[in-house]
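Q: Below: one structure in structure tokens.
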Amino acid sequence: MAKRIDATSVTAYYGSFKAIEDINLTVEPKTVTALIGPSGCGKSTFLRTINRMHEVLPGARVDGKLTIDDQNIYERDVDVTAVRRMIGMVFQRPNPFPTMSIFDNVVAGLRLNGVRRKSVLEDAAERALRSANLWDEVKDRLGKPGAGLSGGQQQRLCIARTIAVEPQVVLMDEPCSALDPISTLAIEDLMFKLKDRYTIIIVTHNMQQAARVSDRTAFFSIEQTGDPGRLIEYDDTQKIFSNPNVKKTEDYITGRFG
Amino acid sequence: MGDTPDRSANAGTGGPRVTIGHAGSAGAALSVDVPVTPADRAPDGAGRRGGGSGGGGTGLGGGGALPRRSAFGAERLFQSFTMAAGAMVLVIIVAIAIFLIAKAVPALNANTANFFTFEGWFPNEAQPRFGIGALAFGTVLTSVLALLLAVPVALGIALYLSHYAPRRVGTALGFLVDLLAAVPSVVFGLWGRDFFYGPVQEFSVWLNKYFGWIPIFGGEGPFGRSILLGSLVLAIMVLPIITSLSREVFRQTPTANEEAALALGATKWEMIRTAVLPYGRPGVIGATMLGLGRALGETIALAMTLGIVSSISFNIIENGGNTVAANIANAFGEANDTGRGALIASGLVLFSITLIVNITARAIIYRRREFTESAA
């Protein structure tokens, strides 16, 4: 299931602006990796290069090599949609499809893959909702609009939608930043559970969260506004938060800047 | 909120919404500036305001006693103005309705044929005979046909403009579409009658030759000044409305939803089907209904392109067809008293058709409100 991700000198641009430069990083399967750093340091940009969502924005492009189990996803003949099916993404703000019911939201990805059989969809929806710790709360109202749920439930619905297609990797872009502490806790619990089956990469501004949920932590930073973001340090989470090698990491962790 | 005295004054008077903060501060300024005498305030029920001495003049930030609410000011004035404007709509509609009914009833009483089933329009004779059936049928048929032709094209253009076209092309093309909406309908009528007539006639002959076995393309001719020509011209006329409204709603699709679909591995078209079209659905229905409204009421372009034959026929390529509005335009000139009354009666029927269409459209949107409201 889960796959290893290997980034080699990944550089990403928005038009002529270089957002991240020369990122080299390896993510082991079935781990949680946290990307931390001050705002504008390019951690979200890097996350979006992993499933080729970066290039969705007009003028955005990526140089370098990013392999998922030795398959370079930036190879010329790679089907972008296949990459994104393999690498799911959860966004900063919960974004269920507003016109769809809870059920339709969960199976949206399967329907895009051509799954039509009702029984298959129902099984998959229940499995995904159970994995997302949401089943008990919504099982009696699967036909109701997904946008009618609370923020935390919506975010878990989005996670269910992402894992319903059984991706190899799950990317999370500050998944808890719009949620209250209780919902945040629910999502963090969920990450522990999902780690058994998926490789997870999470961008977070919350350092306690990074320390709680991740096995490895990557610290990104920029010299000053307008400079590209760079990977400063990448190590075991415990090491980063107790005894980082780079002074800048320590300054950030201890709240001296950023 | 409220770290400076200025802001806290706004928050107090303007309520929690940021957007009305300006109105709030203006109101606050007024209540301080306008001198309010005790006599002015008395009739408004002093009990509601409680105690407190006259406006303190200590500035907006408070401190000292709070200034009293003014009994008569811009707020009240504006409220009454908007209410009067609202009431005006009602008055105008009632006045028009009374006038129309008063004119129509005598003509309907004089009618010696059945108003609903008689196919023909001879209200000016000594024994007036006229029926609305054929006209209403022609109105609905041309409009529905026009929408069937226009909506798919309009949605295609709207999607191209909102999601496919490069920005510069999109802007230019969007401008052209809006320009099409500004062309007066009489120009469309002239164009349809003197230029577009030729190709449509040839096309009709061709249709008749190869598809004549389908009743709507049957008949012996002559062809050309037909329902088809009228509907095509009408389709071109309603195209810009439907296009620009649909383009706007498609553009407003939240990026978050589009990205959600893309991140699930949707192709661009799948993304549009999953995120854009469902989100834009109520807007598209609304746009279509506006187009239908225009099509139903369109007068001069149809009066110039249709064959003006008051009979009910599904044949769309033979000379023929008439609509309520076109009939009014064509027949009003030589109408006598009964004739004008009859035309007004037909206008009332057109009004009811439009009303039914609008109610249906609202019902469609309302049925899905649970989903569309949470979308907003």
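The values are calculated or read from the model by the stated rules, or taken from the named source; none is laboratory data. From a predicted model like this one, the values you see are computed outputs, not experimental measurements. With ideal geometry, Cβ positions are generated from the backbone for all residues, glycine too; neighbour counts draw on all protein chains shown.
Q: Check every one of the strands (runs of 3 or more DSSP E) wholly within segment A:27-92 and list those with 3 or more residues that are away from chain B (no Cβ under 14 Å) and over 17 Å from the mean Cα position of the chain (by Cα). Break it down stepwise before answering.
A: Values: elements: A:32-36, A:60-68, A:87-90.
Of the strands (runs of 3 or more DSSP E) lying wholly inside segment A:27-92, those with at least 3 residues that are away from chain B (no Cβ under 14 Å) and over 17 Å from the mean Cα position of the chain (by Cα) span A:60-68.
Q: I would also like to ask the following. Any chance segment B:126-140 includes a residue that's more than 18 Å from B:S311 (Cβ to Cβ) and surrounded by fewer than 16 Cβ atoms within 10 Å (Cβ to Cβ)? Outline the logic, then answer.
A: Step one: list which residues in segment B:126-140 are more than 18 Å from B:S311 (Cβ to Cβ), which gives B:126-128.
Now drop any that are not surrounded by fewer than 16 Cβ atoms within 10 Å (Cβ to Cβ), which leaves B:126-127.
Yes.
Q: Are any residues in segment B:166-187 in contact (Cβ under 8 Å) with a residue 24 or more places away in the chain and either more than 27 Å from B:L302 (Cβ to Cβ) or of a type in the set (G, A, S) (or both), and if so, which ones?
A: B:G174, B:A181, B:S185
Yes/no per residue for (1) small (G, A, S); (2) part of a loop (DSSP other than H, G, I, E, B); (3) assigned by TED's automatic domain parsing to the domain that holds B:G189:
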site	(1), (2), (3)
B:R281	no, no, yes
B:V284	no, no, yes
B:A287	yes, no, yes
B:G291	yes, no, yes
B:R294	no, no, yes
B:A303	yes, no, yes
B:G307	yes, yes, yes
B:S311	yes, yes, yes
B:N315	no, yes, yes
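Q: Looking at A:F241, A:F220, A:F257, which one is among the aromatic types (F, W, Y), touching a residue at least 12 places away in the same chain (Cβ under 8 Å) and buried (at least 23 other Cβ atoms within 10 Å of the Cβ)? First the steps, then the outcome.
A: On the way: A:F241 fails: buried (at least 23 other Cβ atoms within 10 Å of the Cβ); A:F257 fails: buried (at least 23 other Cβ atoms within 10 Å of the Cβ).
Of A:F241, A:F220, A:F257, the one residue that is among the aromatic types (F, W, Y), touching a residue at least 12 places away in the same chain (Cβ under 8 Å) and buried (at least 23 other Cβ atoms within 10 Å of the Cβ) is A:F220.
Q: Can we say B:A261 is under 23 Å from B:P152 (Cβ atoms) and more than 14 Å from every other protein chain (Cβ to nearest Cβ)? Let's see the steps before the verdict.
A: Details: under 23 Å from B:P152 (Cβ atoms): yes; more than 14 Å from every other protein chain (Cβ to nearest Cβ): no.
Spelling it out, it is not the case that B:A261 is under 23 Å from B:P152 (Cβ atoms) and more than 14 Å from every other protein chain (Cβ to nearest Cβ).
Q: While we're here: Can you name every residue in segment B:152-170 that is exposed (fewer than 12 other Cβ atoms within 10 Å of the Cβ) and within 25 Å of the chain's Cα centre (by Cα)? Don't jump to the end; show me each part of the working.
A: Of the residues in segment B:152-170, the ones exposed (fewer than 12 other Cβ atoms within 10 Å of the Cβ) are B:152, B:166-168.
Across segment B:152-170, the qualifying residue is only B:P152.
Q: Within segment A:131-144, can one find any residue that is more than 14 Å from chain B (Cβ to nearest Cβ), of a type in the set (G, A, S), outside any helix (DSSP H, G or I) and touching a Leu at 6+ places or on another chain (Cβ under 9 Å)?
A: yes
Q: Something else now. Looking at (1) more than 10 Å from chain A (Cβ to nearest Cβ); (2) touching a residue at least 60 places away in the same chain (Cβ under 8 Å); (3) under 32 Å from the mean Cα position of the chain (by Cα), which is the only condition B:V249 fails?
A: Going through the list (1) more than 10 Å from chain A (Cβ to nearest Cβ); (2) touching a residue at least 60 places away in the same chain (Cβ under 8 Å); (3) under 32 Å from the mean Cα position of the chain (by Cα), B:V249 breaks only (2).
Q: For segment B:192-206, indicate whether the set of residues that are exposed (fewer than 13 other Cβ atoms within 10 Å of the Cβ) and of a type in the set (K, R) is non-empty. Quick ask: steps written out before the conclusion?
A: Going through segment B:192-206, the residues exposed (fewer than 13 other Cβ atoms within 10 Å of the Cβ) turn out to be B:194-195, B:198-199, B:202.
Adding the requirement that they be of a type in the set (K, R) leaves none.
No: segment B:192-206 contains no residue that is exposed (fewer than 13 other Cβ atoms within 10 Å of the Cβ) and of a type in the set (K, R).
Q: Out of all the residues in segment A:93-125, which are more than 8 Å from chain B (Cβ to nearest Cβ) and among the hydrophobic types (A, V, I, L, M, F, W, C)?
A: Hits for segment A:93-125 are A:I102, A:F103, A:V106, A:V107, A:L110, A:V115, A:V120, A:L121, A:A124, A:A125.
Q: Now for a separate question. Mind listing just one residue for me: the one in segment B:100-116 that is part of a loop (DSSP other than H, G, I, E, B) and under 30 Å from the mean Cα position of the chain (by Cα) and, of those, surrounded by the most Cβ atoms within 10 Å (Cβ to Cβ)? Reasoning before the result, please.
A: From segment B:100-116, those part of a loop (DSSP other than H, G, I, E, B) are B:111-116; that's our starting set.
Now drop any that are not under 30 Å from the mean Cα position of the chain (by Cα), which leaves B:115-116.
Values: B:F115: 17, B:F116: 10.
Here the residue is B:F115.
Q: Taking segment B:193-244, which residues are closer than 28 Å to B:I157 by Cα and β-branched (V, I, T)?
A: Of everything in segment B:193-244, those that are closer than 28 Å to B:I157 by Cα and β-branched (V, I, T) turn out to be B:V200, B:I227, B:V233, B:I236, B:V238, B:I241, B:I242, B:T243.
Q: Let me ask something additional. From A:A178, A:A128, A:A147, A:A124, grab the single residue that is among the hydrophobic types (A, V, I, L, M, F, W, C), in a loop (DSSP other than H, G, I, E, B) and either surrounded by fewer than 24 Cβ atoms within 10 Å (Cβ to Cβ) or touching a helix residue (DSSP H, G or I) at 6+ places or on another chain (Cβ under 9 Å) (or both).
A: Numbers: A:A128 fails: in a loop (DSSP other than H, G, I, E, B); A:A147 fails: in a loop (DSSP other than H, G, I, E, B); A:A124 fails: in a loop (DSSP other than H, G, I, E, B).
So the residue among A:A178, A:A128, A:A147, A:A124 that is among the hydrophobic types (A, V, I, L, M, F, W, C), in a loop (DSSP other than H, G, I, E, B) and either surrounded by fewer than 24 Cβ atoms within 10 Å (Cβ to Cβ) or touching a helix residue (DSSP H, G or I) at 6+ places or on another chain (Cβ under 9 Å) (or both) is A:A178.
Q: Further question: Among the helices (runs of 4 or more DSSP H) lying completely within segment B:139-242, list those that include at least 1 residues that are within 16 Å of B:N319 (Cβ to Cβ) and of a type in the set (S, T, Y).
A: Per the criteria, B:197-211.
Q: OK, next. Consider A:V27 against the criteria (1) touching a residue at least 40 places away in the same chain (Cβ under 8 Å); (2) surrounded by fewer than 22 Cβ atoms within 10 Å (Cβ to Cβ): it satisfies all of them except one. Which criterion is unmet?
A: With respect to (1) touching a residue at least 40 places away in the same chain (Cβ under 8 Å); (2) surrounded by fewer than 22 Cβ atoms within 10 Å (Cβ to Cβ), A:V27 is out only on (2).
Q: How about segment A:1-21: which of its residues are over 17 Å from A:F220 (Cα atoms) and surrounded by fewer than 14 Cβ atoms within 10 Å (Cβ to Cβ)?
A: Result: A:M1, A:G15, A:S16, A:F17.
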